[in-house]
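Contents: one structure, followed by commentary.
The values are calculated or read from the model by the stated rules, or taken from the named source; none is laboratory data. Note that the coordinates shown come from a computational prediction; the quantities given were computed from them, not determined experimentally. Virtual Cβ from ideal backbone geometry, glycine too; neighbours counted across all protein chains shown.
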Amino acid sequence: MPFSISLILILYGLMTKKARRKRIAVIFAFVILYLISNSFLINKAFNWWEYKPVNISEVKKTYDVGILLTGGMISTPDLTIDHPDFGPHADRFLQAYLLYKNGKIRKILITGASPKDFVDAGKSEVQQVSTLLIQWGVKPEDILLEPNAKNTRENAVYSEKILHSKFPGKSYILITSSFHLRRALACFKKAGVSADVFPTDFYGGTGSTKIKDMIIPDPEVVGYSQPLFREWVGIIIYKLMGYC
């Protein structure tokens, strides 16, 4: 990640005895830190990368299965907590719920693994999300769970087995964070699943046009920018590995 690279450059600059290399390392570290803390630039990068928002009213057909990718939808600070906390990507299952309630999807396939102690306690992400959806009025028979996928490639591979076994030749729509959709969709296509997409959980937006916000670094943006860079690295590695 860029933040780690900048720290390595600073460390190298402190350790090297050659003045020119020290200067170059410090300059590059400063440039990286400035770029990833610039809210204007990061917002533009997200807007370029993310899928554009889709209104539910613009979804003109009813899909047989909505494929919901887990990861950050539920936050469980302690296994003794008797209720789920929403994670940073909870918008994924909220939008899946809205699509279901508006008659745009008939079934919801939730895919993603959780640590064994969470599963044993009945608090894995797929378990907690499915419980919430049922409490909100989704019929239990309309929810399918795929609890084994540990990454996006496995989401696609394991989901393909369920879809082509139980819903062969049907229509599917992929529901995940907008910044993650490119890699996810490519993985599902590679696995043999043709699906439309419904982007959620947007990081980009109109952004600020104030000069101070376009120039002055914002420390919060450093963490905010990480999902984007992580996705860029991820899609490069996945392509090299032949996953997408």
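Answer yes if at least one residue in the range 169-180 is farther than 24 Å from E125 by Cβ, touching a helix residue (DSSP H, G or I) at 6+ places or on another chain (Cβ under 9 Å), in a loop (DSSP other than H, G, I, E, B) and charged (D, E, K, R), and no otherwise.
Yes.
Does K61 qualify as being in a loop (DSSP other than H, G, I, E, B) and charged (D, E, K, R)?
Taking the combined requirement at face value, the residue satisfies it.
For L109, only one of the following conditions fails: (1) more than 25 Å from S57 (Cα to Cα); (2) not in a loop (DSSP other than H, G, I, E, B). What is its number?
(1)
If only one of E220, E231 is surrounded by 19 or more Cβ atoms within 10 Å (Cβ to Cβ), of a type outside the set (S, T, Y) and outside the structural domain of L109 (by TED's automatic domain parsing), which one is it?
Within the list E220, E231, the selection yields E231.
Scanning for something surrounded by 13 or more Cβ atoms within 10 Å (Cβ to Cβ), hydrophobic (A, V, I, L, M, F, W, C), assigned by TED's automatic domain parsing to the domain that holds G234 and farther than 20 Å from Q226 by Cα, does the range 13-25 turn up at least one residue?
Checking the range 13-25: at least one residue is surrounded by 13 or more Cβ atoms within 10 Å (Cβ to Cβ), hydrophobic (A, V, I, L, M, F, W, C), assigned by TED's automatic domain parsing to the domain that holds G234 and farther than 20 Å from Q226 by Cα.
Just name the residue that is nearest to D213 (Cα to Cα) out of those in the range 64-80 that are assigned to a strand (DSSP E or B) and over 15 Å from the mean Cα position of the chain (by Cα).
G66
Please enumerate the residues belonging to the range 107-149 that are charged (D, E, K, R), surrounded by fewer than 21 Cβ atoms within 10 Å (Cβ to Cβ) and modelled with pLDDT under 95.
Within the range 107-149, K116, D117, D120 qualify.
Taking the conditions exactly as written (of a type in the set (S, T, Y) and over 22 Å from Y34 (Cβ atoms)), does S225 satisfy them or not?
no
What's the number of the only condition in (1) over 20 Å from the mean Cα position of the chain (by Cα); (2) of a type outside the set (K, R); (3) not in a helix (DSSP H, G or I) that M214 fails to meet?
Of everything listed in (1) over 20 Å from the mean Cα position of the chain (by Cα); (2) of a type outside the set (K, R); (3) not in a helix (DSSP H, G or I), M214 misses just condition (3).
For the range 7-54, which residues satisfy the criterion of being under 30 Å from V197 (Cα atoms), in contact (Cβ under 8 Å) with a residue 12 or more places away in the chain, assigned to a helix (DSSP H, G or I) and not aromatic (F, W, Y)?
I36, S39, I42, N43, K44, A45, N47 - these are the residues of the range 7-54 that are under 30 Å from V197 (Cα atoms), in contact (Cβ under 8 Å) with a residue 12 or more places away in the chain, assigned to a helix (DSSP H, G or I) and not aromatic (F, W, Y).
In the range 161-193, how many are touching a residue at least 24 places away in the same chain (Cβ under 8 Å), within 17 Å of I105 (Cβ to Cβ) and not aliphatic (A, V, I, L, M)?
Of the residues in that region, 6 qualify.
What is the one condition in (1) outside any loop (DSSP other than H, G, I, E, B); (2) within 24 Å of the chain's Cα centre (by Cα); (3) surrounded by 14 or more Cβ atoms within 10 Å (Cβ to Cβ) that F202 does not satisfy?
F202 satisfies every listed condition except (1).
From the set of residues in the range 150-191 that are of a type in the set (V, I, T) and within 17 Å of the chain's Cα centre (by Cα), which is surrounded by the fewest Cβ atoms within 10 Å (Cβ to Cβ)?
The extreme case among them is I173.
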